[in-house]
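For reference, the structure discussed in these notes is given below.
The values are calculated or read from the model by the stated rules, or taken from the named source; none is laboratory data. Treat the numbers as computed from the prediction; the structure is a model and nothing was measured. Here the Cβ is made from the backbone with ideal geometry for all residues, glycine too, and neighbour counts use every protein chain on show. SASA here: full protein model, heavy atoms, side chains in, ligands and nucleic acids out. Shrake-Rupley method; radii C 1.70, N 1.55, O 1.52, S 1.80 Å.
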Amino acid sequence: PIKSNYKIRDRIASYPLDANMFHVMMKPTKPDVRLWNYFIECDDAVHRIYRIPPLTRETHGVDQFVSSQWFISSREFAEYLANEGPLVREYLKYAEHVVVSDEAFFGTILRQTKFCTTHHNANFLHYQFDRWESDVEKDERDMRKCVMPNSNQCGRSPTTMTLDYSFVLDISEDLFARKFSNEPDSAIKQMLDIKRERENKYFRNAVFRNKTINPNTDNMSFAGFGTLVVLVETINTTSPLCLGLGPDGNKVYIVPCFYRNVVPSLASGWETGAVVDYEVLPNNKWMIGPCSTDGSLKRANVGRIIMTPGLHTAAGPHCMLKQGGGKRDGQCLDITGGQLEPGGVLQVYPCKPKWNQVFAFGNGDLAPISSIHASVPLHLQKVKRRAGDDQAPPHLCIGAYIRQDLKHDSSTQQKIKFLKYDGAVTGETPIRLDDAKNGPKLPIYLWSGKELVTMPCSDSEAVLRFAFVPFIIEDK
């Protein structure tokens, strides 16, 4: 469990008594006949015996579904399974000898019986995968995960959770997580126990029973009205620039903050105050939160976020940044595909608490002051090292293709198409930015209308700094 007993009870009690909480892939599985085999387990090994025909509704009157091995079952469904109704008896003979049989068995029975009407497609379980067993050198593989004729066609297991991943578990709405082990890291279990006990104490106090409690972080949602994320070096220019969306409504771009007629009316030090909706261009409002609770965040008078590291998290609280309106309302800032290398494109995407959707705020130690960055979990850093990349950055900051050290990642060279602007923007002679990368630092306004990407936080010239200005609702 990663949440308090009170939270677990409250969440489960919000569902009907006959609810079956299973995570099922709702499209029936149709495995390749060449890969669907009859297995037996003997002498701590799995052996293929012969091929068996996959079940489909057309051929056998029943579809197969893949589901998680971890679920919350109603009493009625558990009794149905235990009493072995007709479908259970027949399917059990077949399913117990297919690969990962429990993932096929429970979801198939649930979806092919009357209990499908009580199915809620969530099991409140958080887990992550890091690598396929075939990514490991052959002499280091667990061959129990490589049972197909092709020895390079292997399965994988969930990543063992470690303390560096705790900020994701903190934000997650799931109730449970796997897997944990005293090796390599027992500290995360101790941390979770402390957090769960703290939550239990809050819930025991009737004063807090109906409130959302986050005792270690300030209210970073700014009373729920949202925030404008402004590039610091453009605050006092004739066109302040912000974090917003590009023309396709998905990728995150550097865009003008305000309508043109608003800028001349901005007072000196406007970033220390607030803004209202009708001043700001669409898709520029962001909601910050939820945030993890280890450490603290506070907005300074100048609009910068002051981060204090936590007991377990050197980067401090990590937060989701969600669109606060428009057609992408509620979608989260996201590093596309969870790309570990610099140059990952920033986009908005349906929210899911993963490392590439939660961001921290630099204090000058792990990342520059006023930067926004993602923390790459240790197990993914290890994957990169096994692949021979010993310099993969542990923290990826939001930046632009400007003044950047292009030596780190050769793939960046393939993206030179982004490193151009034309003289029409400034009335100057057109310049190729890749030609200017070793020259003087170029002003950020040249990248207005360009997409944002990830950069190594150590590349201070390419990393962008941000101020956070709250939205307010004027009293009419």
Problem - residue 35 vs. criteria assigned to a loop (DSSP other than H, G, I, E, B) and not β-branched (Val, Ile, Thr) - result: yes
Exercise for the section: Specify which of the listed residues (15, 6) is among the aromatic types (Phe, Trp, Tyr), in contact with a Phe, Trp or Tyr (Cβ under 8 Å, 6 or more places away or on another chain) and either open to solvent by 50 Å² or more (accessible area, probe 1.4 Å) or touching a residue at least 12 places away in the same chain (Cβ under 8 Å) (or both). Expected result: 6
Practice task
Could you please find all residues in the range 423-467 being among the aliphatic types (A, V, I, L, M), at pLDDT below 50, open to solvent by 30 Å² or more (accessible area, probe 1.4 Å) and part of a loop (DSSP other than H, G, I, E, B)?
Solution key: 424, 425
Exercise for the section: Only one of these is over 16 Å from residue 451 (Cβ atoms), open to solvent by less than 20 Å² (accessible area, probe 1.4 Å) and under 11 Å from the mean Cα position of the chain (by Cα): 295, 338, 289, 303. Name it. Expected result: 338
Exercise for the section: Determine the pairs where a residue that is free of Cβ contacts under 8 Å to residues at least 24 places away in the same chain, located within the range 91-118, has a partner that is open to solvent by 50 Å² or more (accessible area, probe 1.4 Å) with Cβ atoms under 8 Å apart, the partner being 6 or more residues away or on another chain. Expected result: 92/84; 105/92; 105/96
Practice task
Answer yes or no as to whether residue 374 is out of contact with any Leu (no Cβ under 6 Å at 6 or more places or on another chain) and either of a type in the set (Phe, Trp, Tyr) or modelled with pLDDT of 95 or more (or both).
Solution key: no
Handout entry: Filter result for residue 308 (touching a residue at least 12 places away in the same chain (Cβ under 8 Å), polar (S, T, N, Q) and touching a helix residue (DSSP H, G or I) at 6+ places or on another chain (Cβ under 8 Å))
Key = no
Exercise for the section: Within the range 170-209, track down each residue that is of a type in the set (Asp, Glu), surrounded by fewer than 20 Cβ atoms within 10 Å (Cβ to Cβ) and assigned to a helix (DSSP H, G or I). Expected result: 193, 197, 199
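Residue 54: open to solvent by less than 70 Å² (accessible area, probe 1.4 Å), without any contact (Cβ under 8 Å) to a residue 60 or more places away in the chain and farther than 20 Å from residue 147 by Cβ, yes or no?
Values: open to solvent by less than 70 Å² (accessible area, probe 1.4 Å): yes; without any contact (Cβ under 8 Å) to a residue 60 or more places away in the chain: yes; farther than 20 Å from residue 147 by Cβ: no.
No; evaluated as a whole, the condition is false for this residue.
When the residues of the range 341-354 are narrowed to those that are open to solvent by less than 20 Å² (accessible area, probe 1.4 Å) and among the aliphatic types (A, V, I, L, M), which ends up farthest from residue 382 (Cα to Cα)?
Within the range 341-354, the match that is farthest from residue 382 (Cα to Cα) is 348.
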Handout entry: the range 146-169: number of residues that are over 27 Å from the mean Cα position of the chain (by Cα) and either farther than 19 Å from residue 35 by Cβ or surrounded by 17 or more Cβ atoms within 10 Å (Cβ to Cβ) (or both)
Key = 2
Fill in the blank from the handout: Listed by first then second residue, the pairs whose first member lies in the range 200-211 and is modelled with pLDDT of 75 or more, whose partner is of a type in the set (Gly, Ala, Ser) and surrounded by 13 or more Cβ atoms within 10 Å (Cβ to Cβ), with beta carbons under 7 Å and at least 6 positions apart or on separate chains, are 200/4; 203/4
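Of all residues in the range 107-118, how many are farther than 13 Å from residue 62 by Cβ, open to solvent by 50 Å² or more (accessible area, probe 1.4 Å) and not β-branched (Val, Ile, Thr)?
We begin by selecting, within the range 107-118, every residue farther than 13 Å from residue 62 by Cβ; these are 114-115, 117-118.
Subsequent filtering for residues that are open to solvent by 50 Å² or more (accessible area, probe 1.4 Å) retains 114, 117.
Filter once more, so that each one left must be not β-branched (Val, Ile, Thr): 114.
Within the range 107-118, residues that are farther than 13 Å from residue 62 by Cβ, open to solvent by 50 Å² or more (accessible area, probe 1.4 Å) and not β-branched (Val, Ile, Thr) number 1.
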Exercise for the section: Read through the list (1) over 17 Å from residue 168 (Cβ atoms); (2) free of Cβ contacts under 8 Å to residues at least 40 places away in the same chain, then give the number of the only condition that residue 322 fails. Expected result: (1)
Practice task
Could you please give the count of residues in the range 52-69 that are among the hydroxyl-bearing types (Ser, Thr, Tyr) and in a loop (DSSP other than H, G, I, E, B)?
Solution key: 2
Problem - Residue that is aliphatic (A, V, I, L, M) and open to solvent by less than 40 Å² (accessible area, probe 1.4 Å), where the choices are 88, 99 - result: 88
